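Q: To start, I am sharing the structure in question, which I have written as structure tokens.
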Amino acid sequence: MKRILYILTIALSLLACSEEIDKSNRYTFTGETVADFLLNRSEKYSHFITLLKRAELFGLLSTYGQYTLFLLDNDAVEKYLYEQDSIYWAARKENLTYDTGITSPYIEDLSDSMANIIARTHLVEGNYRTPSFEDGSLPYWNFNNRYLGITFETSPKGYSIKINNSAAIIGWDNEVENGVIQVVDKVVKETNNTLPEQIGEYDFFNLFNTALEETRFCDNLQLYMDEDFIPLDIELNSSYQSTPQKKFYKYTGFIETDEVFRENGIYTIDDLKALAEKWYGTEDRDNPCSPKNALYKFVAYHFVERELPYNKVIPLVVGGNSFQTPIDKFMVPGHDCYDYFETMHGRLMKVTKPLSTTQGADVFINYNKRELPYNIELLDHLNVRIIPPTEFRRMREEYATFNPNTFNGIINPIDKILIYDENEMSGNILNERLRFDFTTLLPELSCNNIRHSKDQCFVPYYYCKNIKNDTHANDYFLYSTFDGTMMNDEMFIYEMFDVSFRLPSVPPRVYEIRISVNDMNHTGWSPYQSVIQTYIDGKPYSVIDTRPSYDHPDIGWKEDASTFDNGLENDKHMRNIGWMKGPDSYYTWDYNDGVYIPARENKTTLRKIIIRMYLSEGEHWIRFKELNPLRDANADLLKTKGFVFDYIEFVPLKIISDPSKPED
């Protein structure tokens, strides 16, 4: 029985302020390291040097790498210690418990644990200058394994950037040899509330919090870290490579405020129960803790088991820590960017950044492309907009203190009541070609700051619940950022692999199932390329043979421009033999010509048709087994050759047969 570390509720109470950014405080690059910068100004930053040394981080800041330090001067540290000490002794007089490890206004008396927390909260791996800051969070965790929230504020005093809605940057973009230093006016606040506790902190989420507690769904949102996780024992060959040292459980809630409920005539928990029963039925009406209960289903559909700050629901940039591509440059004009997440209700939600429309700056849940939904009563429950943190805090005075970042997840406020209706979702929102990035199928990558954060990360199979290693030829797969794949990331699996993925819970129907194949960058016939047998639920289906090159008769790819009909007949020919060109919706890097081109024009980016079959309700697994014996006979080749798992498609037959709506 695995032991799971549940949340420790040790309070860290910090104060907030908003100040104007003083551009005169900007430091000119001189070749110092972060450590040099501090030592050369030790009269001003000696306290923070002490904190970093006690946390055993100071030496790191004089080494190769890139770091962002949110730096406090001595006055800010002393003010914080004095405030916390005063709160502690005031609580003691009232016989109240308040223990943050600060019982003295002097830094020499600060506990080791609190010195460690403060230092790690203020340090992030990566070089993040303020022009790259996005509304939501920094793209990479701090050394406390937490996202730092970013919001932008204006006031009569000027413009400011706030971290976790607490500390304001007052000395910005001090560039040094191994990173950048952002001077802040106060200690950055990090709450130790769990996600449901943080929802309960705010009166404006009162009605949703009542439903959360009445269904006891809050009990499902308490996990934090797997104490029994054992990291891989693997040799890393560069600073771009990593392997997880811990395994965290994180959650994201998409939550309505009381104001949103009131706008829809929902004032009490009984009103909300009636709305839930309208859409989810009356089964187990008297047991709100039952997964079959309508209110329980309503609440469960609002949560996903992944950590998604606003700017990572649909990432504004895609890639890893060493290179990133803005999403509007990654998508071909006229196409939206989207993803699908399995909720804790067991049903899918679609998130969309509709770049093809005037609403392209926003992110929506269950975006409806039709003028009207099939069911007109769902008009106010589709196109649910996720409200950016900065905008949300400005909407009402009571929202100004909102902090979306919690100990084990993120709160994203939404502007409509979120409902899942089987008929509408199956017949409209999800009645399309469903293209899932393989990395989306593994929520642990989003819970552990890997997806769209790491450059190359060796992930053990036992890290992720939706993948199985059936032969144990290797203990891990490689998560990699690569600008030749969808969303600029991929899974690379080595050796004589035999792996299975749990399929997402798509609506029951007949689908054509396809998989991306990015392994055709060779000429003629390459005997060492992959030959993969596919299985679904144990039954064998198509073989993916990547030994022939893209233009071999067994595949038949031709450049659209070289054909008389822009590739239409070539498309039909390729489909007849089980292949398709890549999508025309996103750009890939053409290594032959050194330019970005649509994936459709890239001869190394193809799709293989696996099977047409009915997927019923319930769990399904797809298996990929390497068959090529020549690869097995070449040990050196096995360590370098593998197969790229980029995306998988589920296409309703109606979509394939409708010439008025061609696929990309």
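Q: Provide the per residue accessible area, probe 1.4 Å, for the chain, rounded to a whole number of square angstrom.
A: 41 Å²
Q: Leaving out ligands, DNA and RNA, and with a 1.4 Å probe, what % of the accessible surface on segment 430-519 is carbon or sulfur?
A: Roughly 48 percent of what the probe reaches on segment 430-519 is carbon or sulfur.
Q: Using the scaling law 2.2 N^0.38 Å as the reference, what is the normalised Cα Rg of the chain?
A: 1.01
Q: Quick one: which residues, 5 or more positions from E175 or on another chain, have an amide H under 5 Å from its amide H? H modelled 1.01 Å from N in the peptide plane, none for Pro or chain starts.
A: Y27, F29, I181
Q: Using only the Cα atoms of segment 325-454, what are the Rg and Dmax in Å?
A: For segment 325-454, the Cα radius of gyration and maximum Cα-Cα distance read 15.8, 43 Å.
Q: Estimate the FRET efficiency between I87 and D228 by the formula 1/(1 + (r/R0)^6), using the beta-carbon distance for r and 35 Å for R0, to the nearest 0.05.
A: 0.45
Q: Which whole-Hz couplings ³J(HN,Hα) result when phi for each residue of segment 291-304 is put into the Karplus expression 6.51 cos²θ - 1.76 cosθ + 1.60, θ = phi - 60°, listed in order with x for Gly and Pro?
A: Using θ = phi - 60°, the values come out as x, 8, 6, 4, 5, 4, 4, 4, 5, 4, 5, 8, 10, 10 Hz.
Q: Can you pull the Rg over Rh of segment 404-563, Cα-only, Kirkwood?
A: 1.00
Q: I've got another one for you. Which pairs break 31 Å Cα to Cα here: K157/K246; K297/K608; K350/K608; K246/K292?
A: Checking Cα-Cα distances, K157/K246; K297/K608; K246/K292 exceed 31 Å.
Q: For segment 143-256, what number results from the quotient of the Cα radius of gyration and 2.2 N^0.38 Å?
A: Here the answer is 1.44, to two decimals.
Q: Can you give the accessible area of K465, probe radius 1.4 Å, in Å² rounded to 10?
A: Estimated to the nearest 10 Å², K465 gives 110 Å².
Q: Given Cβ point charges of +1 (Lys, Arg) and -1 (Asp, Glu) and nothing else, what value in debye, to the nearest 20, does the dipole of the chain about its Cα centre take?
A: With Lys and Arg at +1 and Asp and Glu at -1, about 940 debye.
Q: Where does the charge balance sit around S616 when Lys and Arg score +1, Asp and Glu -1, over other residues with C-beta under 11 Å from its C-beta?
A: Once all neighbours under 11 Å are counted, the net charge is -2.
Q: Another question about this same structure. Residues of segment 452-491 with amide nitrogen under 15 Å from the 7 Å Cα-to-Cβ point of W621?
A: 461-473
Q: Could I ask something else about it? Let me know the Kirkwood hydrodynamic radius for segment 114-184, please, with Cα pairs as the basis and the value in Å to one decimal.
A: 12.7 Å
Q: Add +1 for every Lys or Arg and -1 for every Asp or Glu among the other residues with Cβ under 11 Å from the Cβ of V499, and state the total.
A: Overall, the nearby charge balance is -1.
Q: Separate question: Just read off the accessible area of Y461 with the full protein assembly in place, 1.4 Å probe, to the nearest 10 Å².
A: Around 20 Å² of this residue is reachable by solvent.
Q: Only loop residues by DSSP count here, and only those with at most 12 other Cβ atoms within 10 Å; note down the trypsin sites (Lys or Arg not before Pro) in segment 367-438 that meet that.
A: Here the sparse-neighbourhood loop sites are R370, R396.
Q: Hey, how much of the P(r) for segment 239-352 falls beyond 18 Å, as a percent of Cα pairs?
A: Of all Cα-Cα pairs in segment 239-352, 66 percent lie more than 18 Å apart.
Q: Determine the calculated [θ] at 222 nm for the chain from helices alone, applying -39500 (n - 2.57) to every DSSP H run no shorter than 4 residues and normalising by the residue count; nearest 500 deg cm²/dmol.
A: Counting only the DSSP helices, I get -5000 deg cm²/dmol.
The values are calculated or read from the model by the stated rules, or taken from the named source; none is laboratory data. Computed from a prediction, not measured in an experiment: that's the story for all the values here. Counting neighbours? That spans all protein chains shown, and the Cβs are built from the backbone with ideal geometry, glycine included. Each accessible area value is taken on the protein alone, full model and side chains, heavy atoms only, with ligands, DNA and RNA left out. Shrake-Rupley method; radii C 1.70, N 1.55, O 1.52, S 1.80 Å.
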